[in-house]
Amino acid sequence: MRQIFVVTAANAKAQENLGKSIENPVEDEEKVFDNFDVHHHEELKGIRDEAGRFYAWGAVWGIRNVPTWEQMERDDFVLCVYDGIYHYVARLLAKYDNPECAEAIWGTNDEGRTWRYMYFLTKPIRIYQPVYEYEGYLHSRYQGFTRIADTRLEEIEKDYGSMRSSSKRPSSTRATDCRVIWSRGLAGARRSPRSPYRLTPSPTGS
């Protein structure tokens, strides 16, 4: 079962970091290559080629963050939420504990920590999905880096089919696949009778 992770970007530094590696690719690819051992370079080139550029996010050390990060696996979904809206969705390509690379991309927070528990993503797809439209399946609010529990994923699959098989046709790119699975899988939950809301679809963009 593919997992779903939700990251928050509520504060000013997180918003700044969105521009550095989610809304836009990492501006200088050498910030990545220069901070990994040479034996990782072919692997990194594959990640870059799969996504088109380097897109990434990360977590600082924390008693909840590290175990959550450790559970992430390739092809899991990552949603970015702030201001009560899911703004981006992407798929995970690889993860690394690399404080040097993280600091080169994002710098440090006010406590001098960097987002060392980093992960590379497919090109994030811009969406606009209010959090409340998924109540009953996903959470109604988030306080930091969150893994959606298996019981919630099982409810989505039970009611709307597997996220892995929600697309009837194979996708030509991972980005397309991510969009299809979002729209036909998770977005199906938005129309669920579990939600008391009946709203028209929100605008989306690529």
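Each reported figure results from applying straightforward, stated rules to the coordinates on display, with no laboratory input. Worth saying up front: this structure is predicted, and the values here are computed from it rather than measured. Backbone-built Cβ (ideal geometry, glycine too); neighbour counts: all protein chains shown.
For the residues Arg141, Arg126, the requirement of being surrounded by fewer than 19 Cβ atoms within 10 Å (Cβ to Cβ) and assigned to a strand (DSSP E or B) singles out Arg126.
Quick check on the range 79-99. Is at least one of its residues acidic (Asp, Glu), over 21 Å from Arg2 (Cβ atoms) and part of a strand (DSSP E or B)? Yes, the range 79-99 contains a residue that is acidic (Asp, Glu), over 21 Å from Arg2 (Cβ atoms) and part of a strand (DSSP E or B).
Of everything listed in (1) under 17 Å from the mean Cα position of the chain (by Cα); (2) free of Cβ contacts under 8 Å to residues at least 12 places away in the same chain; (3) closer than 26 Å to Glu30 by Cβ, the single unmet condition for Gly107 is (1). Out of Asp37, Asp49, one residue alone is under 18 Å from Glu103 (Cβ atoms) and free of Cβ contacts under 8 Å to residues at least 40 places away in the same chain. It is Asp37. For the range 73-93, enumerate the residues that are over 16 Å from Ala14 (Cβ atoms), touching a residue at least 40 places away in the same chain (Cβ under 8 Å) and surrounded by fewer than 18 Cβ atoms within 10 Å (Cβ to Cβ). The answer is Glu73, Asp75. Scanning the range 108-123 for residues that are in a loop (DSSP other than H, G, I, E, B) and buried (at least 16 other Cβ atoms within 10 Å of the Cβ) yields a count of 5. You will find that of Pro99, Pro124, the residue that is touching a Phe, Trp or Tyr at 6+ places or on another chain (Cβ under 8 Å), in contact (Cβ under 8 Å) with a residue 12 or more places away in the chain and either at positive phi or not aromatic (Phe, Trp, Tyr) (or both) is Pro124 and no other.
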